[in-house]
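**Student:** Following this message is one structure expressed as structure tokens.
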Amino acid sequence: LPSPIPQSLTQPVTPDLLVSPSSQDGDLGSECPEDRGNWTGRLDFLLSCIGYCVGLGNVWRFPYRAYTNGGGAFLVPYFIMLAICGIPIFFMELSLGQFSSLGPLAVWKISPLFKGVGMGTILIVSLVAIYYNMIIAYVLFYLFASLTSDLPWQHCGNWWNTDLCLDHHIIKAGNSTLPINISNTVSPSEEYWSRYVLHIQGSSGIGDPGRIRWNLCLCLLLSWTIVYLCILKGVKSSGKVVYFTATFPYLILVMLLIRGVTLEGAWKGIQFYLTPQFDHLLSSKVWIEAALQIFYSLGVGFGGLLTFASYNTFHQNIYRDTFIVTLGNAITSILAGFAIFSVLGYMSQELGVPVNQVAKAGPGLAFVVYPQAMTMLPLSPFWSFLFFFMLLTLGLDSQFAFMETIVTAVTDEFPYYLRPKKASFSAVICIALFLMGLILTTEGGMYWLVLLDDYSAGFGLMVVVITTCLVVTRVYGMKRFCQDIHMMLGFKPGPYFRACWMVLSPATMMALLVYNIVKYQPSEYGSYRFPTWAEVLGILMGVLSCLMIPMGMVVAVLQEEGTLWERVQQASRPAMDWGPSLEENRTGMYVVSLAGSQSPKPLMVHMRKYGGITSYENTAIQVDREMEEEEDEEESMI
């Protein structure tokens with residue numbers, strides 16, 4: 001219910017809809033953002049963004065994508081796509097979050113008709129958070145397994161090994177005149193991963209999950225506990241943890257890089273990674289792969305960037321931060337490629353096979369190939385521990401962002417109920433997602449993880465980002481969005497950003513979406529093909545996040561009055577209290593006029609309709625005139 005209107009404003013009567021719940025006791029809502037919290041240090045936001053963007057994908061996806069798509073030549077489409085898709089969308093998300101100080105649900109006060117986009121985002125992030133923490137659990141498992149003098153995946157002869165297991169030490173010691181055929185053999189690290197860690201032989205497929213692996217279950221519980229303790233006090237606690245989790249991976253990466261390039265045969269791997277094959281640039285697949293890498297690596301559309309920016313001060317220079325984070329992320333990916341491929345080059349020399357036979361992407365690289373390479377080094381447990389500790393810190397700060405996004409989105413919707421109980425609410429979310437993730441700890445859990453990975457953030461995420469881009473530029477209006485940024489940063493975005501937001505970014509993402517649908521391939525894990533019902537379930541996961549958009553539209557239209565078209569028009573306009581959250585930041589068309597931080601333009605409309613206080617009408621007309629004069633001056637200059 002709306003709060004009571006102060007006595008001084010009761011003559012004449014003010015319509016109820018002008019008073020928001022945030023205006024209790026006639027205070028202009030300025031207490032709300034303070035309760036919400038802000039970053040406590042200058043680098044909290046920047047390091048949180050770097051930690052969020054630089055994740056597992058930089059280590060296990062980028063290097064493999066680069067070498068399969070033209071080696072060094074892949075960097076050409078990669079940086080072009082970064083300029084067209086990555087940087088503009090990144091800046092747009094940060095701008096929306098910082099301007100409104102709202103999470104990914106409440107930010108849709110910008111156009112309530114499209115609130116379903118925010119709901120779709122939360123659904124996607126929740127699904128990703130479930131399986132992403134399972135990957136962190138695998139990393140923890142390997143981290144503990146590395147605390148030995150002899151790595152458990154170093155030799156065959158353990159109870160989980162089969163007759164196909166072949167130790168690389170035997171290959172090396174073998175007589176060169178009698179070459180060993182390794183095509184039908186399996187490395188000890190591969191059997192350790194599939195038969196001991198996953199115990200996948202206990203499951204016949206996705207429909208037969210088998211028993212829970214209690215050691216994995218405990219690792220998952222530990223990873224959720226770590227995540228909860230780090231987000232316990234919101235950005236105040238996670239903002240401090242990232243000083244370690246965002247910077248330490250770089251130290252380890254440099255150590256692994258130095259160790260890698262000093263190995264015999266390292267140059268072979270680096271050559272394989274970087275040799276440019278420019279003929280690949282004529283293939284559309286390479287450009288699509290580059291765009292996909294940028295899209296997922298920067299984490300646009302997941303709401304994490306918007307959430308982090310919403311805790312900034314109003315005039316934080318996010319323009320500078322955008323370039324620092326996006327270019328830093330790209331450089332990290334390239335560096336990781338050197339660290340990975342130098343070791344793969346050494347490994348291929350040791351095994352006497354070409355680099356392309358040992359190179360893999362995804363979990364196969366992190367849990368099979370790289371651990372196997374570690375066993376070939378002196379002090380192998382030390383290097384193995386370092387590698388998995390790096391993966392742990394890379395994964396954790398991305399997980400913090402996912403959890404902060406979910407918690408912030410819901411608490412911003414119900415601030416008076418949930419904000420005082422944020423720690424308890426965070427615990428409830430963590431427990432719920434842990435219980436949902438228990439199926440991933442079963443013997444057939446890997447099948448479920450692959451299904452979630454393939455479908456949860458696929459075309460649904462692209463639809464969310466395309467819609468956001470179109471709503472901000474077409475419905476809300478490019479001119480108004482640029483004015484908002486001008487209010488925050490003191491300058492308007494240049495022609496490059498405007499061209500990307502209006503045409504280039506949406507068009508590129510549309511092409512990505514069409515390509516993904518046309519080139520759709522059913523999921524598989526090794527030689528296992530998923531049954532039809534599992535495919536349908538996966539597609540439904542993606543479709544459900546898209547369906548949130550029309551569902552949100554229906555709800556928004558039903559809450560308005562008038563004919564259908566009038567309702568749609570009203571619902572697509574910004575809400576009455578849209579704008580900067582603090583009174584002192586509301587300038588121009590957002591000048592505070594009444595309790596609830598209402599802007600003069602909608603105020604004038606309601607005054608004429610209902611009567612009431614009209615002393616602000618002159619202010620509104622003056623502000624409008626000044627803004628129109630400014631626009632005319634700028635247009636004449638152009």
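**Student:** Hey, any idea what % of the stretch 416-484's accessible area is carbon plus sulfur with a 1.4 Å probe? Write down the numbers at each step before the final one.
**Tutor:** Values: 1710 of 2390 Å².
Answer for the stretch 416-484: carbon and sulfur cover 72 percent of the accessible area.
**Student:** Can you tell me the accessible area per residue over the stretch 468-553, all protein chains present, probe 1.4 angstrom, in square angstrom?
**Tutor:** 50 Å²
**Student:** Taking only C-alpha pairs under 8 Å that are 6+ residues apart, what is the relative contact order of the stretch 316-422 in percent?
**Tutor:** Values: 32 pairs, mean separation 13.5, N = 107.
Here the relative contact order equals 13 percent.
**Student:** Between Thr162 and Ile517, how high is the FRET efficiency from 1/(1 + (r/R0)^6) when r is the Cβ-Cβ distance and R₀ = 30 Å? Nearest 0.05. It would help to have the intermediate numbers written out before the result.
**Tutor:** Numbers: r = 40 Å, r/R0 = 1.34.
The computed FRET efficiency comes out at 0.15.
**Student:** Related question: Pulled fully out, how much extra length does the chain show between Gln570 and Glu583, if you take 0.36 nm times their separation in residues and subtract their Cα-Cα distance?
**Tutor:** Values: separation 13, 0.36 × 13 = 4.68 nm, distance 2.50 nm.
Result: 2.2 nm gained on full extension.
**Student:** Under a plain spin-label model, where a point goes 7 Å from the Cα along Cα-to-Cβ, how far apart in nm are Thr262 and Leu281?
**Tutor:** 3.7 nm
**Student:** If packing is taken as the mean number of other Cβ atoms within 10 Å per residue, what is the order of 426-434, 105-113, 227-235, highest first? Kindly include the intermediate steps, with their values, before the conclusion.
**Tutor:** Values: 426-434: 16.6, 105-113: 22.9, 227-235: 19.7.
Sorting 426-434, 105-113, 227-235 by mean packing, highest first, produces 105-113, 227-235, 426-434.
**Student:** Tell me, in nm to one decimal, what length is gained between Lys236 and Tyr296 on full extension, where the rule is 0.36 nm per residue of separation less the Cα-Cα distance? Each step should come with its number before you reach the end.
**Tutor:** Working: separation 60, 0.36 × 60 = 21.60 nm, distance 2.65 nm.
Residue separation times 0.36 nm, minus the Cα-Cα distance, leaves 19.0 nm.
**Student:** Let me ask another. Can you send over the solvent-accessible area of Phe425, 1.4 Å probe, protein chains only, in Å² to the nearest 10?
**Tutor:** We get 40 Å² for Phe425.
**Student:** Is any residue of the stretch 425-466 close enough, with backbone N under 20 Å, to a label point placed 7 angstrom from the Cα of Leu418 along the Cα-Cβ axis, and if so, which?
**Tutor:** Counting backbone N atoms under 20 Å from the label point, the list is 425-437.
**Student:** If each residue of separation counts as 0.36 nm, what is the full-extension length gain between Phe323 and Ser204 once their alpha-carbon separation is subtracted?
**Tutor:** The Phe323-Ser204 span can extend by a further 38.1 nm.
**Student:** Compute, for Asp150, the solvent-accessible surface of its heavy atoms (probe 1.4 Å) with the complete set of protein chains present, and express it in square angstrom to the nearest 10.
**Tutor:** 80 Å²
**Student:** Sticking with the crude label model, points 7 Å out along Cα→Cβ, report the distance from Thr313 to Glu524 in nm, one decimal please.
**Tutor:** Roughly 5.6 nm, to one decimal.
**Student:** Along the charge dipole of the stretch 381-485, Cβ charges K/R +1 and D/E -1, which of Ser424, Ala457, Gly437 sits furthest on the positive end?
**Tutor:** Ser424
**Student:** For the modelled label position 7 Å from the Cα of Arg42 along Cα-to-Cβ, which residues of the stretch 239-266 have backbone nitrogen atoms closer than 19 Å?
**Tutor:** In the stretch 239-266, the label zone of Arg42 (backbone N under 19 Å from the point 7 Å along Cα→Cβ) covers 239-244, 247.
The values are calculated or read from the model by the stated rules, or taken from the named source; none is laboratory data. Note that the structure is predicted; figures quoted are calculated from it, not measured. We place every Cβ from the backbone using ideal geometry, glycine too, and count neighbours over all the protein chains shown. Side chains included, ligands, DNA and RNA excluded: accessible areas come from the protein's heavy atoms. Shrake-Rupley method; radii C 1.70, N 1.55, O 1.52, S 1.80 Å.
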